[in-house]
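Asker: This is the structure I want to talk about, given as structure tokens.
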Amino acid sequence: MAPQIFHEEFDKAGKHEGLQIWRIENMEVVPISKKTYGSFFTGDAYIILNSRKVGSGFSYNLHFWLGNHSSQDEQGAAAMLATQLDDYLGGDPVQYRETQGYESEMFKGYFKSGIVYNKGGVASGFKHAETNQYDVRRLLHVKGRKTVTATEVEFAWTSFNLGDVFLVDLGKIIIQWNGPESNRMERLKGTLLAKDIRDRERGGRAQVLVIDGENEKANDKTFGAMVKLLGNKPSQIKAATSDEKVSRARLSQLKLFHVSDQSGQLTVQEVATKPLTQDLLNHDDCYILDQGGSKIYVWKGKSATKEERSGAMDRAMVCFNEKGDEANYYHVPTLSSTTAGYVKAKGYSDHTQIETVPDGAESAMFKQLFKGWRSKNETVGRGSIYTKGKIGIVAHVRFDATSMHAQPELAAQHRMVDDGTGKIEIWRIEQNELAPVDESTYGQFYGGDCYLILYTYENNGRKAYIIYYWQPLYSHSVNIHLSFHLLKLYPIKHYFSVTLFLYYFYFLPNPRADMQLPMKSLSAFHAVALDDKYDGAPVQIRVIMGKEPKHFMAMFKGKLIIFEGGTSRKTEEPQEEPLRRLFQVRGTNEFNTKAIEVKAVASSLNSNDVFLFKTPAEMYMWCGKGCSGDEREMAKNVSQVISKRDMDTISEGNENLHFWAALGGKVPYSNSPKLQEGGEDADSARLYECSNASGNFRCEEIANFAQEDLDEDDVMLLDAHSEIYLWIGSGANKQEKEESVVTAINYLRTDPTDSRDPHTPIITVKQGFEPPTFTGWFMAWDPSKWS
């Protein structure tokens with residue numbers, strides 16, 4: 001077989017980090033000037049390569065972009081040449097098909113100042129603008145609050161609407177007209193785009209003028225210039241148009257198809273729906289993953305045949321019969337059908353995003369659709385996986401608290417604002433009021449109580465606060481009437497009250513009957529009152545029993561003990577302590593250790609942990625075969641709180657009959673080592689703009705996010721895997737604030753893998769009071785930005 005011949009331009013591709021963009025001109029790839037990156041002609045097609053240094057090599061994201069008015073030949077050439085570039089780079093790139101106005105978040109993230117769609121194309125003789133070219137006359141319709149797109153539209157008042165921003169670009173003068181109903185962030189983004197055009201295309205020599213549509217008389221001279229160009233402004237301008245967002249519920253609808261030519265013909269068969277697992281993917285084959293019609297992934301196995309790889313990408317996606325009905329298994333008689341056929345047969349939009357994923361170089365977006373995905377040499381997956389009765393190996397990570405404030409990215413990585421040595425105050429909910437907890441019992445939490453913890457520490461020279469509200473789990477029914485009665489009894493003066501009540505009422509799976517649900521709600525109300533006392537500065541963190549975050553554990557220096565039930569309250573009848581108590585101890589140092597009471601039976605044991613067993617006469621430390629020396633030392637440390645007796649140490653396999661008898665007899669327990677299914681993800685956190693405004697929960701991810709993407713008029717969601725942060729902008733409206741926690745709950749509920757722990761901590765952060773555990777996820781955070 002003759003060696004494949006590649007285009008000479010490809011010799012320059014992927015040699016350095018960053019973007020490279022080529023335009024398709026007469027079926028050839030032609031590089032465009034870096035000064036015009038982010039500006040595309042609607043009559044053209046482009047190839048975009050983003051290279052990122054990884055170790056000694058590179059990882060690649062390869063996109064081919066199709067303008068709405070590009071020809072079929074240009075679109076075909078872009079797809080073909082992108083495939084050739086993919087081959088030239090060894091098949092390593094993740095490949096994306098992008099269409100005008102429907103680009104992926106990753107693609108839009110490359111152009112922080114915005115994307116400009118210019119009329120025309122190479123076939124019409126249009127060239128990308130050179131610096132200092134002033135012979136321009138165009139009207140740009142600017143849309144978007146996070147990632148801006150600017151489309152060249154007809155130069156007339158009929159193109160305007162009340163809700164968006166428009167740029168009248170005249171070369172030496174750029175006039176920005178802000179629709180009366182546009183918000184502050186949209187106006188800001190419009191200004192940034194106007195300045196970017198000025199600096200990038202005009203060498204900084206153009207003048208940017210701004211007119212607010214609700215007060216055009218404030219700038220009579222500039223508005224008069226607009227009237228001369230566009231004619232008299234009509235008495236009525238079109239109403240604002242809403243931005244479409246895809247329902248997250250739709251995004252969680254997954255179907256996996258298997259593509260194979262093993263039978264001699266290329267066949268496609270539906271093999272699974274969600275939840276999907278990684279072992280469904282065979283390296284010898286290719287697969288098609290349909291994400292509710294909003295996006296289609298093509299996974300190419302390393303050992304798949306060339307026919308399978310090319311067929312899966314370009315042709316085999318027609319998995320319907322001639323009538324357009326879905327088929328679970330079928331033969332593809334020829335390879336002449338295209339991806340567009342699949343899209344049309346399903347009734348999907350022509351703009352449906354398509355991502356081609358190479359085996360071993362899967363994108364984060366693809367991996368997050370699978371439950372517990374693990375990359376090579378990686379023992380962790382995304383988010384906290386909700387599992388029971390599994391053995392877990394906990395990574396031993398050394399923690400240096402002194403670097404938390406100097407390096408907030410470490411604070412984010414470790415989920416620690418400091419080393420837990422700040423001031424601690426703890427209250428218990430008693431008779432609808434806060435009762436101080438005896439300091440000698442700090443770190444002991446009972447499953448029959450609710451607690452409020454105020455933690456005070458220093459952050460950049462000023463006092464900072466965290467309010468933890470710790471709540472137990474129970475297993476009885478909800479008293480609905482009493483819950484609503486609570487809302488009537490307690491006036492709601494703060495948005496968080498409503499939010500937290502809704503959380504406890506609708507989401508907690510099994511609250512205890514009668515007064516216990518109100519007790520949970522009361523802890524939320526008291527958290528609000530405490531928050532108000534400190535002028536809204538505290539970060540509020542909901543902690544569910546058994547799901548304590550790292551910093552919470554660090555406050556108690558390795559002596560955090562959680563009792564299965566009971567109460568530390570003084571009751572009329574003294575409570576009898578159980579005769580036998582068994583505690584599972586997990587942790588390797590004073591920052592990550594806790595002891596949780598479990599049922600005192602042998603089936604509760606786990607070979608990878610240490611257990612403390614207290615009986616009326618003895619105190620045992622049982623050491624599983626998989627535990628470490630550090631874990632044994634931390635168990636000894638916490639045992640001093642549970643019992644002052646001398647302790648007998650028993651290694652797994654050396655138990656005596658007396659020990660098993662005290663546990664009610666020897667029975668099977670978890671004793672086959674498994675890799676941890678939960679844990680921290682090595683990938684970065686993910687930022688979303690979320691909304692329930694339309695009645696459907698919608699979630700828009702912001703790729704390559706930065707501090708500037710935090711909208712002061714909005715509520716943002718940062719998914720840090722084992723924690724969810726809700727950032728409340730100072731200008732967020734009442735409804736957005738009230739629904740913020742419900743938004744986070746829906747986010748967890750609609751996870752495509754069905755594997756997110758429903759008790760993942762939800763942390764509320766207010767603008768201007770961000771802790772380092774939050775700011776560390778952002779590059780070059782500026783603490784004075786909102787001062």
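Asker: Taking region 37-61 as the search range and keeping residues that are in contact (Cβ under 8 Å) with a residue 60 or more places away in the chain and small (Gly, Ala, Ser), which one is farthest from LYS119 (Cα to Cα)?
Answerer: Keep residues of region 37-61 that are in contact (Cβ under 8 Å) with a residue 60 or more places away in the chain, which gives 37-44, 48, 50, 59, 61.
Add one more test, that the residue is small (Gly, Ala, Ser), and what stays is 38-39, 43, 59.
On the way: GLY38: 14, SER39: 11, GLY43: 7, SER59: 33 Å.
That would be SER59.
Asker: While we're here: With respect to the numbered conditions (1) out of contact with any Asp or Glu (no Cβ under 7 Å at 6 or more places or on another chain); (2) at pLDDT below 75; (3) in a loop (DSSP other than H, G, I, E, B), which one is the sole condition not fulfilled by ALA682?
Answerer: The one condition ALA682 does not meet is (1).
Asker: Out of the residues in region 48-78 meeting the condition of being of a type in the set (Gly, Ala, Ser) and surrounded by 22 or more Cβ atoms within 10 Å (Cβ to Cβ), tell me which one is nearest to GLY360 (Cα to Cα). Steps first, please.
Answerer: Let us first name the residues in region 48-78 that are of a type in the set (Gly, Ala, Ser), namely 51, 55-57, 59, 67, 70-71, 76-78.
Still in the running and surrounded by 22 or more Cβ atoms within 10 Å (Cβ to Cβ): 67, 70, 78.
Details: GLY67: 31, SER70: 34, ALA78: 25 Å.
Once the filter is applied, the top-ranked residue is ALA78.
Asker: A further question follows. Just to be sure I understand the filter: pairs with C-beta atoms under 8 Å, separated by 6 or more residues or on different chains, first member in region 266-279 and among the small types (Gly, Ala, Ser), second member surrounded by fewer than 17 Cβ atoms within 10 Å (Cβ to Cβ) and modelled with pLDDT of 80 or more. Which pairs pass?
Answerer: Every condition considered, the pairs that remain are ALA272/LEU280.
Asker: For ILE211, indicate whether it is within 21 Å of SER39 (Cα to Cα) and either in contact (Cβ under 8 Å) with a residue 12 or more places away in the chain or in a strand (DSSP E or B) (or both).
Answerer: Numbers: within 21 Å of SER39 (Cα to Cα): no; either in contact (Cβ under 8 Å) with a residue 12 or more places away in the chain or in a strand (DSSP E or B) (or both): yes.
So ILE211 fails the test.
Asker: Identify the residue in region 261-276 that is assigned to a strand (DSSP E or B) and modelled with pLDDT under 80 and, among all such residues, is farthest from ALA304 (Cα to Cα).
Answerer: Applying the first criterion (assigned to a strand (DSSP E or B)) to region 261-276 yields 266-273, 276.
Filter again for modelled with pLDDT under 80, leaving 266-269.
Values: LEU266: 12, THR267: 13, VAL268: 14, GLN269: 16 Å.
Looking at the filtered set, the residue picked out is GLN269.
Condition check ((1) over 24 Å from TYR455 (Cβ atoms); (2) assigned to a strand (DSSP E or B); (3) basic (Lys, Arg); (4) touching a strand residue (DSSP E or B) at 6+ places or on another chain (Cβ under 8 Å)) across all residues:
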| position | (1), (2), (3), (4) |
| --- | --- |
| GLY558 | no, no, no, no |
| ILE561 | no, yes, no, yes |
| GLY566 | yes, no, no, yes |
| ALA595 | no, yes, no, yes |
| PHE613 | yes, yes, no, yes |
| ALA617 | yes, no, no, no |
| TYR620 | yes, yes, no, yes |
| LYS644 | yes, no, yes, no |
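Asker: Among the numbered criteria (1) at pLDDT below 85; (2) outside the structural domain of GLY360 (by TED's automatic domain parsing); (3) under 37 Å from the mean Cα position of the chain (by Cα), which one does GLY203 miss?
Answerer: If we test GLY203 against (1) at pLDDT below 85; (2) outside the structural domain of GLY360 (by TED's automatic domain parsing); (3) under 37 Å from the mean Cα position of the chain (by Cα), just (3) comes out false.
Asker: Could you identify the single residue in VAL142, VAL168, VAL153, VAL148 that is closer than 23 Å to GLU708 by Cα and at pLDDT 90 or above? Steps first, answer last, please.
Answerer: On the way: VAL168 fails: closer than 23 Å to GLU708 by Cα; VAL153 fails: closer than 23 Å to GLU708 by Cα; VAL148 fails: at pLDDT 90 or above.
That would be VAL142, the only listed residue that is closer than 23 Å to GLU708 by Cα and at pLDDT 90 or above.
Asker: Next question. Taking the stated definitions as given, is LYS233 outside any loop (DSSP other than H, G, I, E, B), at pLDDT 85 or above and out of contact with any Asp or Glu (no Cβ under 6 Å at 6 or more places or on another chain)?
Answerer: Values: outside any loop (DSSP other than H, G, I, E, B): no; at pLDDT 85 or above: yes; out of contact with any Asp or Glu (no Cβ under 6 Å at 6 or more places or on another chain): yes.
No.
Asker: Given (1) β-branched (Val, Ile, Thr); (2) over 30 Å from LYS300 (Cβ atoms); (3) at pLDDT 90 or above, where does VAL136 come up short, assuming only one miss?
Answerer: Going through the list (1) β-branched (Val, Ile, Thr); (2) over 30 Å from LYS300 (Cβ atoms); (3) at pLDDT 90 or above, VAL136 breaks only (3).
Asker: I'd like to verify a number: residues in region 170-188 that are crowded, with 23+ Cβ neighbours inside 10 Å and part of a loop (DSSP other than H, G, I, E, B), how many?
Answerer: 2
Asker: Mind counting the residues in region 754-787 that are part of a strand (DSSP E or B) and more than 14 Å from ALA537 (Cβ to Cβ)? Please lay out each step first, then the result.
Answerer: Here is the first cut: in region 754-787, the ones part of a strand (DSSP E or B) are 756, 762-766.
Narrowing further to those that are more than 14 Å from ALA537 (Cβ to Cβ): 756, 762-763.
Selection size over region 754-787: 3.
Asker: Take the conditions closer than 23 Å to THR151 by Cβ and either of a type outside the set (A, V, I, L, M) or in a loop (DSSP other than H, G, I, E, B) (or both) and apply them to LYS53. Does it pass? Steps first, answer last, please.
Answerer: Working: closer than 23 Å to THR151 by Cβ: no; either of a type outside the set (A, V, I, L, M) or in a loop (DSSP other than H, G, I, E, B) (or both): yes.
The answer is no for LYS53.
Asker: Additional query: Out of the residues in region 79-97 that are polar (S, T, N, Q) and surrounded by fewer than 22 Cβ atoms within 10 Å (Cβ to Cβ), state the one that is farthest from GLU28 (Cα to Cα). I'd like the intermediate steps shown before the answer.
Answerer: To start, the set of residues in region 79-97 that are polar (S, T, N, Q) comprises 83-84, 95.
With the extra rule that they be surrounded by fewer than 22 Cβ atoms within 10 Å (Cβ to Cβ), the set shrinks to 83-84.
Numbers: THR83: 14, GLN84: 12 Å.
So, considering only residues that are polar (S, T, N, Q) and surrounded by fewer than 22 Cβ atoms within 10 Å (Cβ to Cβ), the one farthest from GLU28 (Cα to Cα) is THR83.
The values are calculated or read from the model by the stated rules, or taken from the named source; none is laboratory data. Only a predicted model underlies this, so the values are computations on that prediction, with no experimental measurement involved. Virtual Cβ from ideal backbone geometry, glycine too; neighbours counted across all protein chains shown.
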